[in-house]
Amino acid sequence: MSGSEYASFSPNGENLVFVGMSDIKEKKKSGLDMSYATMSVNVVKLKTGKIQTIVSTPNTLLDAGYVYSNPSFSPDGKLIAFQHSGSDVSGGFSIVDQKGKTIFRFPQKASDTTPYWRPQFTPDGKEILCFSPATSEKDKDQIFLIDIKKGTKKLITEGSNPTFACKGKAVIYEKWVNKWSPEGDASSDLWFLELRDGAEPKVIVENASRPIGFNYCPLK
């Protein structure tokens, strides 16, 4: 591998899933220098260092963005969810088994280019937590739970980059103020929301973004 990013541990801590880059090549196209590479989702066994490629796409134009990002394991470690990248206005996610067979993809219609990013399995493995970033000033960042069996989505709240807290009973996420402001006064805070009907979100950290994991849990 020439490079690796977006590493995430398996539930038992024995493996890592990551996005790899290899076979980097420089080509001229229309008089411009273009960089191409094979992009892949891989699993490495930490004890042996052995790498298994799950899915890969050769000859990816790097200037157009990565093909894969943000991979994560299911709670039983048998499945992997990953985001399809490419631009800031498209790219859903897929769930595959350890052989690279697609188990689920969202959005399910190929014609639907709505972005659903940073997929994470719920603790019971039945749903995917993700967010859909706003692609225009009239839109809002939105956080969803996607039912894997039914292929349906449930709006959780306005925000982005969610991560689970309280053993999956809540989420912590970022929420922007004046995101599209030309004055340069955009800012974001971290919010906490319990995943139950009627729960009210609250700010927990000001001037912060992109939460990864928290021990914070006010629930009893």
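The values are calculated or read from the model by the stated rules, or taken from the named source; none is laboratory data. Just so we're clear, the structure is a prediction, and the values are computed from it rather than from any experiment. Glycine also receives a Cβ, built like all others from the backbone with ideal geometry; neighbour counts cover every protein chain displayed. Quick note on the areas: whole protein, heavy atoms, side chains included, nothing else; ligands and nucleic acids left out. Shrake-Rupley method; radii C 1.70, N 1.55, O 1.52, S 1.80 Å.
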*Inter-site label distance for Asp147 and Ala199 at 7 Å from Cα along Cβ, in nm*: 1.9
_Order of exposure, largest accessible area first, which applies to Met39, Met34 with probe 1.4 Å_ = Met34, Met39
_Portion, in percent, of the accessible area of the stretch 89-220 that falls on carbon or sulfur, probe 1.4 Å_ = 48
*asked:* If R₀ is 35 angstrom, what is the calculated FRET efficiency for the pair Ser2 and Ser187, using the beta carbon separation as r and rounding to 0.05?
replied: 0.45
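Considering only the other residues whose Cβ falls under 13 Å of the Cβ of Asp112, what net charge follows from Lys and Arg at +1 and Asp and Glu at -1? Let's see the in-between values first.
Numbers: positive: Arg105, Lys109, Lys153; negative: none.
Spelling it out: positives minus negatives among the neighbours equals +3.
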*For the chain, rounded, prolate or oblate, judged on the Cα gyration tensor with a ≥ b ≥ c (square roots of eigenvalues), a/c < 1.5 rounded, else prolate if a/b > b/c?*
oblate
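What stretch of the chain, leaving out the sites themselves, is the longest with no chymotrypsin sites (Phe, Trp or Tyr not before Pro) in a DSSP loop having at most 15 other Cβ atoms within 10 Å? Write out the running numbers ahead of the final one.
Details: sites that count: Trp180, Tyr216.
The longest such stretch corresponds to 1-179.
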*Cys residues of the chain counted as unpaired, since no other Cys beta-carbon is under 4.7 Å*: Cys130
*Once the whole set of protein chains is in place, how much accessible area is left on Lys175, using a 1.4 Å probe, in Å² to the nearest 10?*
60
*Go through Cys130, Cys217 and list them by solvent-accessible area, largest first, probe radius 1.4 Å.*
Cys217, Cys130
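Output the relative contact order of the stretch 44-201, whole-number percent, from Cα pairs under 8 angstrom with separation of 6+ residues.
Numbers: 323 pairs, mean separation 18.5, N = 158.
So the answer I get is 12 percent.
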_Rounded FRET efficiency, nearest 0.05, which uses the C-beta distance separating Leu155 from Glu26 and R0 of 41 Å_ = 0.40
